[in-house]
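The values are calculated or read from the model by the stated rules, or taken from the named source; none is laboratory data. As the structure is a computational prediction, the values presented were derived from the model and not from experiment. No Cβ is skipped: glycine too gets one built from the backbone with ideal geometry, and neighbour counts run over all protein chains shown.
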Amino acid sequence: MKKTRDEFYRVLTNLEFVPNTPSFANAGANLQQLSACFVLPIEDDLQKIGQSLVDAIMIHKSGGGTGFSFSRLRPYGSRVRSTGRVSSGAIYFMWMYADATDRIQQGGYRRGANMGVMDIDHPDILRWIMIKSSEFTVTSFNLSVALTDRFMQQVEKDAEFAPEGLSPQKDQIDKLIAEIQKILQSLASFGDKMNNFEKSIQELKELLAAKQPGEGYDLINPDTKKSEGKLNAKKVFELIGRVAWEKGDPGVIFIDRINVDNPTPQLGRIESTNPCIVGSTLVSTEKGLISIKELVEKKIELKILTDNRVLGDKGVTLRPHNHLWDNGVKEICRLQTKSGFELLATPDHKIMTSNGWVPLSKLQPDKDKVFIQSGEGSFSQLKSLPFKSYSLSLPSEWSAELGQVLGWLVGDGWLRKGDKNCRVGFTFGEKDKKILDYFQSILNQWYGKGIKAIKRENNVWHLSYHGQYLVEFFERLGVKPVKADEKEVPASLFTAPKEAVIGFLQGLFSADGTIGIQEINNSKYIRLTAKSKKLLQQVQLLLLNLGIAGRIYNRSRPPRKIFHYTTKKGQKRTYVSDGVCFELHLGKTAVPLFLNKIGFLEDKHYQKVERLKKMGFYPQIFADTIAKLEPAGKTDVYDLTEHISSSFIANGMVISNCGEQPLLPYESCNL
């Protein structure tokens with residue numbers, strides 16, 4: 001201890017290292033607060049706003065400072081649905097934080113200090129820029145504007161519409177700034193002061209408004225995700241520079257640049273850029289695969305699956321998430337891998353690759369390999385179905401049998417609705433008679449009647465059940481009355497217990513799956529064929545959650561005639577295939593894993609299965625080469641944070657998590 005103390009004293013006295021102010025002021029004191037500042041999250045929820053304020057007060061009491069992003073708060077004048085009133089806006093809550101921390105000395109030594117950040121596209125941005133026109137306003141806050149690469153690009157484009165910037169409006173701008181300064185310094189009541197401030201802000205907004213096609217950038221309401229007008233980016237940028245030059249605030253933060261230059265991505269993200277994914281993205285959780293939108297909107301508290309390779313280890317681990325984010329409408333890109341995995345995310349969202357974390361927009365097709373989930377995930381333990389059925393003798397709980405029925409129904413069955421002939425039907429080939437008998441027993445018990453299968457002229461058996469209640473039962477589970485190329489995995493299956501998921505895969509692969517063994521080139525595989533690529537991509541994710549990696553191939557070919565048949569009315573018809581066909585291919589050790597964990601119903605493909613069990617296989621590789629990367633428009637996006645690995649698994653890929661703050665929420669700065 002003495003040796004360490006003497007060495008530390010030496011580097012201090014030689015000025016080789018100098019710690020932050022709290023270390024000088026608080027080391028040896030009662031509270032021992034050695035961190036300078038903490039980032040606290042502010043979400044658009046009164047209870048959470050209040051909790052962050054309490055946390056800020058306690059941090060200031062201990063000797064620390066605080067930083068906040070106010071970008072999630074709905075803007076001034078927004079409707080509050082729960083009360084029918086309108087929001088005060090981000091500025092007013094920032095003022096509340098300033099008042100509270102003004103009254104607390106940091107550790108008893110100095111007045112509280114805060115950092116506030118607001119996104120450039122927030123509808124309150126002009127209020128944010130102008131609120132410190134008076135040096136006597138919110139003096140405990142330093143304010144900054146978060147500028148994006150996209151905004152800076154628009155600044156250049158808007159020079160076409162305003163080549164002289166604010167110069168033609170200089171007199172009007174000067175007058176407004178002076179007026180706002182006078183308002184903020186007045187002795188009027190807070191309400192009167194802010195009403196006058198709002199009138200001036202509206203005049204300023206009119207001066208900076210974009211009024212020509214192609215001009216300006218959108219101000220996006222973080223609550224509604226809709227545009228609340230456009231401003232000329234060049235004029236706004238000049239206004240920031242002018243006010244900062246005269247008053248010292250606001251500063252600017254180039255948040256896209258910060259994120260690209262994060263020196264320690266393996267330890268966590270500098271979360272200022274709002275990287276995020278689209279709402280339909282399936283996240284691997286302790287209860288199965290749940291869309292990120294559902295997690296966010298329902299505020300679901302559970303553990304998410306993380307891949308330990310991020311931390312230099314093996315396997316996967318369930319860890320709790322800390323926050324859920326609705327990040328509004330943003331530009332997205334579509335990432336596709338050679339095996340058919342697909343992810344829609346913002347260009348700055350980082351993906352784990354064999355070369356470390358890489359922003360999505362920087363990935364190189366045919367070169368970079370992204371990590372995919374490398375071990376079996378988790379499944380729901382809840383047996384009960386997501387709804388209650390009071391009709392017939394239909395099941396109320398999940399089971400392997402229910403999963404099997406759903407699998408065969410999606411593979412070789414149909415739903416009919418919309419008329420009096422509501423019907424659920426299943427088809428079987430001549431070689432599937434044993435499976436037909438198995439399903440007939442289950443379905444007749446549910447239906448309450450002994451329905452018999454009918455053999456058609458083409459040696460295909462039909463097992464059909466009439467009734468609205470039965471159709472509605474399968475619809476509520478997620479089976480859709482659609483054509484083959486629109487089929488999907490029933491939505492309820494993604495959060496069903498493991499035995500039901502396995503049952504579904506058994507039914508589906510038994511209906512439309514094949515086994516191939518070619519000893520000449522040592523090729524052996526299991527394949528699932530479908531016209532719907534989306535169905536196969538969803539099945540691919542279910543398999544991956546069981547530790548089985550598959551690859552999707554496009555086997556489509558030109559349209560062709562398949563066979564001739566005669567209708568009930570005696571009309572001659574020819575069945576023409578459009579040639580659309582996709583295959584989900586399981587090779588390497590995915591084959592024995594499939595046979596051990598899933599298998600086929602009623603010993604289907606028995607002889608080939610026995611041959612496969614005696615063969616050797618190469619190991620699976622849980623990494624996949626990028627095939628394609630392309631812009632995909634704009635849409636609502638979401639994200640979450642997990643603090644141990646700073647990552648999670650989305651649509652089977654290992655991706656970085658994110659948040660809204662310049663540091664991770666509740667993380668401290670020690671500079």
(Q) Can you list residue pairs whose Cβ atoms sit under 8 Å apart, with the first residue in the range 340-351 being in a strand (DSSP E or B) and the second being among the basic types (K, R)? Count only pairs 6 or more apart in sequence or on different chains. (A) E342/R334; L343/R334; L344/R334; K350/R269
**Q.** Qualifying positions in the range 409-430 - under 21 Å from G503 (Cβ atoms) and more than 41 Å from the chain's Cα centre (by Cα)
**A.** G429
Q | V489 vs. criteria of a type in the set (A, V, I, L, M, F, W, C) and more than 26 Å from the chain's Cα centre (by Cα) | A | no
Q. Do any residues in the range 145-162 that are outside the structural domain of K211 (by TED's automatic domain parsing) have Cβ atoms under 7 Å from those of residues that are assigned to a helix (DSSP H, G or I), where the two are at least six apart or on different chains, and which pairs are they?
A. none
Q: Run K175 past the list (1) farther than 21 Å from G89 by Cα; (2) outside any helix (DSSP H, G or I) and report the number of the one that doesn't hold.
A: (2)
Q: Kindly indicate which of V329, V358, V370 is surrounded by fewer than 22 Cβ atoms within 10 Å (Cβ to Cβ), closer than 29 Å to S532 by Cα and β-branched (V, I, T).
A: V329
(Q) Exactly one of these conditions fails for D326: (1) over 30 Å from Q445 (Cβ atoms); (2) modelled with pLDDT of 90 or more. Give me its number. (A) (2)
Q. Looking at (1) surrounded by fewer than 21 Cβ atoms within 10 Å (Cβ to Cβ); (2) over 31 Å from the mean Cα position of the chain (by Cα); (3) modelled with pLDDT of 90 or more, which is the one condition that is false for A188?
A. (3)
Q. N554 is checked against (1) within 30 Å of G375 (Cβ to Cβ); (2) surrounded by 13 or more Cβ atoms within 10 Å (Cβ to Cβ) and fails just one. What number does that condition carry?
A. (2)
